Structures are given as structure tokens and as C-alpha cells.
Amino acid sequence: MRRLPVLAAAIAIVVAGLINDMPRAVADDSMCTSAGQYCGFYSPSHNISCEINTGGRVGPDSAYCQTNEPPQSVHMDNTGAFQSCNGVSCLGNAAQGTPVLAYGQTIALGPFACLSEENGVTCTAAGGRGFTISRNGIAPAA
């Protein structure tokens with residue numbers, strides 16, 4: 001009978017540890033779960049696809065988006081500095097099973113946040129700097 005309070009205390013310690021290690025940012029729609037992970041999404045039109053990488057999974061923390069029409073892409077580091085590329089050679093393939101981020105929804109992971117809107121996707125880094133990508137091109141985030 002005395003084992004039950006010990007078990008309850010042990011569970012409370014584990015839960016407290018999990019809560020303290022929660023990520024700095026989470027997605028509005030729970031598509032991104034923790035720092036040190038990868039998160040990708042399509043816009044509802046499927047013309048824009050993006051991914052956020054944190055924790056050194058595939059190099060330094062970064063955000064990347066591309067449009068199929070016109071063929072263009074943009075890569076941003078965690079300071080909000082970005083470089084764009086135009087042409088088919090700039091495009092990659094989204095991962096199989098990549099979910100759709102509804103218009104008006106934001107995904108956040110590590111220092112990055114991306115907002116899906118009908119007129120494009122805006123991604124910013126922790127300082128608020130970033131880009132907007134759409135059929136009209138790539139521009140600094142407003």
C-alpha cells in the first residue's frame with residue numbers, strides 16, 4: 001500500500017521534467033513538435049512548400065520555402081538573413097505526407113515562425129526579420 005505514494009511521486013517528477021524541457025515555440029496546429037526537429041508544410045494551393053530545420057538535423061538552423069509557379073526558392077538563417085534563387089534548378093521535393101498549413105495559421109519551431117496567407121507565406125526569425133514568398137516573388141517581410 002505504501003508503494004502507491006512513491007509511484008505517484010515518481011510520476012510527478014517525470015512529468016515536471018518533461019514540462020521544463022518543452023520547446024521554445026510550438027505550432028498553432030501541432031504540426032511542429034520540438035526544437036531539434038524538422039517541420040514541413042504546403043500552402044492550401046500546394047504552390048508553396050516550406051520546411052523549418054532546427055537543432056543541426058541537416059546543418060545550421062534554417063527556414064526554406066519554394067514556389068512551383070514561378071519556380072523560385074528562398075533560404076533563411078536564424079538571424080532573418082535570406083537568399084533567393086530563381087529557376088527550376090532551385091527547387092526540391094517536399095517530403096512524402098507533408099501536411100497543409102491552412103490560411104491564417106502559423107507554424108513556429110525554434111527561432112522561426114511561418115504564417116500561411118492567401119497572398120503567400122511569410123517566415124521570420126526571432127528578431128522579426130524574414131521574407132514573404134508568393135507568385136509575385138520573394139520580398140523582405142513587412
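The values are calculated or read from the model by the stated rules, or taken from the named source; none is laboratory data. Computed from a prediction, not measured in an experiment: that's the story for all the values here. So basically every Cβ, Gly included, is an ideal-geometry build from the backbone, and we count neighbours across all protein chains shown.
What the table below lists for this structure:
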quantity: Residue match in region 73-83 (condition: loosely packed, with under 14 Cβ neighbours inside 10 Å, hydrophobic (A, V, I, L, M, F, W, C) and free of Cβ contacts under 8 Å to residues at least 24 places away in the same chain); calculated: no
quantity: Subset of region 51-62 that is surrounded by fewer than 22 Cβ atoms within 10 Å (Cβ to Cβ) and among the polar types (S, T, N, Q) - its residue that is modelled with the highest pLDDT; calculated: Ser62
quantity: Candidates Pro99, Pro71 - the one that is at pLDDT 95 or above and within 13 Å of Ile48 (Cα to Cα); calculated: Pro71
quantity: Qualifying residue in region 41-50 (condition: under 14 Å from the mean Cα position of the chain (by Cα), in contact (Cβ under 8 Å) with a residue 12 or more places away in the chain and surrounded by fewer than 16 Cβ atoms within 10 Å (Cβ to Cβ)); calculated: no
quantity: Filter result (buried (at least 17 other Cβ atoms within 10 Å of the Cβ) and free of Cβ contacts under 8 Å to residues at least 12 places away in the same chain) within region 109-142; calculated: Leu115
quantity: Residue within region 57-64 that is in contact with a strand residue (DSSP E or B) (Cβ under 6 Å, 6 or more places away or on another chain), among the hydrophobic types (A, V, I, L, M, F, W, C) and farther than 16 Å from Gly128 by Cα present; calculated: no
quantity: Criterion violated by Ala16 - all others in (1) small (Gly, Ala, Ser); (2) modelled with pLDDT under 65; (3) in contact with a strand residue (DSSP E or B) (Cβ under 8 Å, 6 or more places away or on another chain) satisfied; calculated: (3)
